[in-house]
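Below is one structure; the comments refer to it alone.
The values are calculated or read from the model by the stated rules, or taken from the named source; none is laboratory data. In this text the structure is predicted, and so the values were computed from the model without any measurement. Cβ coordinates were reconstructed from backbone atoms using ideal geometry, including for glycine residues, and neighbour counts include every protein chain displayed.
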Amino acid sequence: MASWRAGACVALLLAACATQPPEKPLATLDGRLLTAASIDATIVRLMEANQVKGLALALIRNGDIAYVQAYGERDAERRLPLQPDTVMYGASLTKATFAYLVMQLVDEGRIDLDRSIADYLPRPLPDYEHYADLVSDPRWHRLTPRILLDHTSGLQNFRWIDEDEKLRFHRDPGVRYGYSGEGINLLQFVLEEGLGIDLNAEMQRRVFDRFSMARTSLLWRADFADNVSQNYVGDGTLKAHDRRGNVRAAGSMDTTLSDWSRFLAAVVRGEGLSAKSKAEMIRRQVEIDSVAQFPTLRDWTTDAYRGIHLGYGLGWGVFETPFGHAFFKEGHDDGTANYALCVEPRKACILLLSNSVRAEGIFLPIVDELMGRTGLPWAWEGYVPYNQKAKESS
């Protein structure tokens, strides 16, 4: 533990040199004041308690980035510090970024959220090899951009999860929430095949260039290699950064804390979208009554989250906090844990990017201490606090 602490302190000092501390204390949603020292102490303490390798934090207040800091190591084997411009795997934060682009197309009249995808494709969906499994099921005609973005497609998260790895409807489209990366990738296919859009180029032009996200891409770039984070699974074992060579709206994005915090601040400000489209994107489209987000498509239901109106918008989850309406997005992989949360009326957000899946065990106390008690649906998201896990295992 001593060597970890030394590495964390070195990384903290290096990051502090690259980041301007807030000129005055930052207020939490419940009125407490945070100094740079108190923020850093909270993060380092919690990282140490749960043996998290690296974590990057951004705080947004009134729509502006108020604090950016990185802690721990991007490469524990080589003792390299994590920094705000270190390239990290965005995972499913890609979906939220993609949703923003789709809503721009809605503003331009190129996409109607409630029009069947059949109207956009030059051929029936099952005529395409990747979707041939649906040849005998006409329900694909019911799929719309809205249904694909709010995760009510009825499709498995990914087809390879099913034993035969075939694509099928597990539920009628538009009926009930069930997280589906397949649905997001299908909407990507519709845009590319039906509208002739090059998603990689459009995302670069519409999002990454617009918000000066110089180290963000849907494809691996060679210039990322000089400052890239490795990843660490639950037992601390290294998982090398996956250099993705295929554009996937469901999760191929690499990004940095500095870059995606600029995007998140722009989203909460409503920049780049009409007020109508932004409101529609973060409006509750469907109520969530599942016990947990994963495994997806389970039939188990609960009323536990009705009080906070947990639901899904378009590419973003939503719920009601004591401070007003909130929207959020997670990002998860074997060695990745990311979380973004914005409380809309306050234009206040927190962004957490980690190269260690163990960080999910400290997301709740971090949000509670640096934002306020928002009523985060941590059990549904699988964010069991590290101290509770310890009690359960003892």
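Couple of notes before you dig in:
- Any hit, region 211-225, residues being of a type outside the set (V, I, T), over 28 Å from V106 (Cα atoms), modelled with pLDDT of 95 or more and within 20 Å of the chain's Cα centre (by Cα): yes
- Some residue of region 157-180 being modelled with pLDDT of 95 or more, assigned by TED's automatic domain parsing to the domain that holds L101, under 18 Å from Y100 (Cα atoms) and of a type outside the set (S, T, Y): no
- Close contacts from region 159-174, counting a first residue that is in contact (Cβ under 8 Å) with a residue 40 or more places away in the chain and a second that is among the hydrophobic types (A, V, I, L, M, F, W, C) and assigned to a loop (DSSP other than H, G, I, E, B), with Cβ to Cβ under 7 Å and a gap of 6+ residues or different chains, come to H170/L297.
- Residue among S258, S217 that alone is out of contact with any Ser or Thr (no Cβ under 7 Å at 6 or more places or on another chain), buried (at least 16 other Cβ atoms within 10 Å of the Cβ) and within 30 Å of Q51 (Cβ to Cβ): S258
- Condition broken by R139, with the remaining ones in (1) basic (K, R); (2) out of contact with any strand residue (DSSP E or B) (no Cβ under 8 Å at 6 or more places or on another chain); (3) over 17 Å from L314 (Cβ atoms) satisfied: (2)
- Within this structure, G331 passes the test of being assigned to a strand (DSSP E or B) and either buried (at least 20 other Cβ atoms within 10 Å of the Cβ) or at negative phi (or both).
- Residue match in region 275-286 (condition: among the hydrophobic types (A, V, I, L, M, F, W, C) and surrounded by 23 or more Cβ atoms within 10 Å (Cβ to Cβ)): yes
- Residue within region 291-302 that is over 19 Å from R146 (Cα atoms), free of Cβ contacts under 8 Å to residues at least 60 places away in the same chain and not in a loop (DSSP other than H, G, I, E, B) present: yes
- Considering only residues in region 294-322 that are among the β-branched types (V, I, T) and surrounded by 20 or more Cβ atoms within 10 Å (Cβ to Cβ), the one that is nearest to L264 (Cα to Cα) turns out to be V318.
- Selected residue (criterion: farthest from L199 (Cα to Cα)) from residues of region 213-233 that are free of Cβ contacts under 8 Å to residues at least 40 places away in the same chain and charged (D, E, K, R): D226
- Only listed residue being among the polar types (S, T, N, Q) and farther than 24 Å from L273 by Cβ, chosen from T302, T321: T302
- Check on T152, of a type in the set (S, T, Y), under 25 Å from I288 (Cβ atoms) and crowded, with 19+ Cβ neighbours inside 10 Å: yes
- Subset tally (residues that are of a type in the set (D, E, K, R), surrounded by fewer than 16 Cβ atoms within 10 Å (Cβ to Cβ) and modelled with pLDDT of 95 or more) for region 20-47: 3
- Odd one out for E320, checked against (1) under 26 Å from Q156 (Cβ atoms); (2) at pLDDT 95 or above: (1)
- The selection criterion, being hydrophobic (A, V, I, L, M, F, W, C) and over 30 Å from D114 (Cβ atoms), holds for L238.
- Leading residue by the ranking (surrounded by the most Cβ atoms within 10 Å (Cβ to Cβ)) among those in region 157-210 that are in a helix (DSSP H, G or I) and among the acidic types (D, E): E182
- Selection count, region 234-270, where residues are touching a residue at least 24 places away in the same chain (Cβ under 8 Å), among the small types (G, A, S) and closer than 20 Å to R78 by Cβ: 1
- Residue in region 346-365 that is assigned to a strand (DSSP E or B) and in contact with an Asp or Glu (Cβ under 7 Å, 6 or more places away or on another chain) present: no
- Members of region 35-71 found to be small (G, A, S) and touching a residue at least 60 places away in the same chain (Cβ under 8 Å), listed by number: A49, G54, A56, A58, G63, A70
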